[in-house]
């Protein structure tokens with residue numbers, strides 16, 4: 001975790017604030033991959049994940065955009081109401097589960113609302129690298145869309161199309177138009193409310209292979225799965241632990257003094273993923289890709305369980 005100082009705050013909309021962060025020790029940040037996010041420990045002790053939305057090669061600052069959520073449990077509301085320029089926060093190193101596919105010939109970025117944030121860093125990277133891309137930005141109105149000034153400026157205007165006021169029933173037709181002409185060299189990336197992302201996935205998978213469609217999750221797609229059966233976890237140290245119904249692997253290990261790094265505890269951030277040496281995971285997360293789940297050699301230990309009687313994990 002890194003101590004950072006808030007060096008600037010701007011209001012993008014009535015509910016979205018942009019925070020510019022600099023390392024408190026004066027050192028530069030490392031360059032990060034477009035699409036990456038960081039954990040932010042706010043003033044109330046609540047940790048939330050926010051995408052980095054500035055140019056990935058920018059090392060002097062990190063930039064995050066935070067939407068004030070009506071149902072905030074102390075994360076977004078605290079950042080909006082309690083944080084001022086000059087205050088210190090704690091952030092993690094960037095992590096990325098939402099990468100640009102380097103082999104793609106064409107990139108279609110589809111954002112809704114605050115979901116534009118990881119796609120904005122992708123747009124910065126693709127513009128800088130000369131990639132062929134188009135960003136489609138859905139929002140209820142121009143006034144509620146963040147980064148409009150930036151996206152209508154000279155750097156991005158030719159690559160961006162806005163879709164304001166498209167109601168839910170009309171979204172499938174609009175997305176069909178967005179994806180018209182997609183071919184085998186096209187990759188689609190989407191972030192936004194889970195219902196919107198599912199509509200993008202439905203439209204795209206009718207045209208493209210499943211692994212050409214990339215989704216960023218900041219909330220679980222489904223309610224928590226049923227508790228499941230009891231199973232055992234054996235660590236590469238030789239220790240064996242019983243995981244009863246209703247208890248997670250990370251919780252049981254933590255009770256025994258074995259700490260596994262966690263953040264969201266909802267299976268969306270990837271912090272707690274461990275390597276599976278033996279056994280069959282029961283994947284209940286939204287952070288591993290379909291291929292990674294099929295390979296069966298990783299598990300998100302905060303939510304996932306086992307299909308076999310025992311899992312052997314590398315700590």
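Pull out the extension gain between residue 294 and residue 3, defined as 0.36 nm times the separation in residues minus the alpha carbon to alpha carbon distance; nm, one decimal. Mind dumping the intermediate values first?
On the way: separation 291, 0.36 × 291 = 104.76 nm, distance 3.78 nm.
Here the answer is 101.0 nm.
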Difference of contour (0.36 nm per residue) and Cα-Cα distance, residue 241 to residue 105: 44.2 nm
Degrees, to the nearest 10: 194-205 long Cα axis against longest axis of the chain: 80 degrees
Cβ-Cβ FRET estimate between residue 82 and residue 164, R0 fixed at 30 Å, reported to 0.05: 0.40
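If packing is taken as the average number of other Cβ atoms within 10 Å across a peptide's residues, how do 96-106, 150-160, 50-60 rank, most packed first?
Details: 96-106: 15.8, 150-160: 13.9, 50-60: 19.5.
Averaged packing, sorted descending, gives the order 50-60, 96-106, 150-160.
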Relative contact order computed over the chain (Cα-Cα under 8 Å; 6+ residues apart), in percent: 14 percent
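Calculate the all-directions average of the projected area of the chain's alpha-carbon convex hull, and give it in nm².
Working: hull surface 68.0 nm².
Spelled out: convex hull of the Cα atoms, projected over all directions, averaged, 17.0 nm².
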Cβ crowding within 10 Å averaged over residues, with 14-20, 138-144 ranked highest first: 14-20, 138-144
Acute angle (nearest 10 degrees) that the helix 116-129 long axis makes with the longest principal axis of the chain, alpha-carbon atoms: 70 degrees
Residues residue 71 and residue 149, FRET efficiency given R0 of 25 Å [Cβ-Cβ distance, rounded to 0.05]: 0.30
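Stretched out fully, how many nm does the piece from residue 128 to residue 259 gain, at 0.36 nm a residue minus the Cα gap? Walk me through the intermediate numbers first.
Values: separation 131, 0.36 × 131 = 47.16 nm, distance 4.03 nm.
Going from the current span to full extension adds 43.1 nm.
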Antiparallel DSSP beta bridges within segment 231-314, as percent of all bridges there, nearest 5: 75 percent
Fraction of beta bridges assigned by DSSP in the chain that are antiparallel (%, nearest 5): 60 percent
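Can you tell me, using C-alpha contacts under 8 Å and at least 6 residues apart, the relative contact order of segment 231-314 as a whole percent? Let's see the in-between values first.
Working: 167 pairs, mean separation 31.9, N = 84.
Computed over segment 231-314, the figure is 38 percent.
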C-alpha center-to-center spacing [segment 44-66, segment 123-163] in angstrom: 19 Å
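Remind me, relative contact order of segment 2-91 in percent, using alpha carbon pairs under 8 angstrom and six or more residues apart?
Numbers: 184 pairs, mean separation 33.0, N = 90.
Value for segment 2-91: 37 percent.
If packing is taken as the mean number of other Cβ atoms within 10 Å per residue, what is the order of 107-113, 283-289, highest first? Present the calculation step by step, with values, prior to reporting the outcome.
Working: 107-113: 25.3, 283-289: 21.3.
Put in order of decreasing packing, that is 107-113, 283-289.
Each reported figure results from applying straightforward, stated rules to the coordinates on display, with no laboratory input. Since we're looking at a predicted model, the values are computed, not measured. Cβ sites come from the backbone with ideal geometry, for glycine too, and all protein chains shown count toward neighbours.
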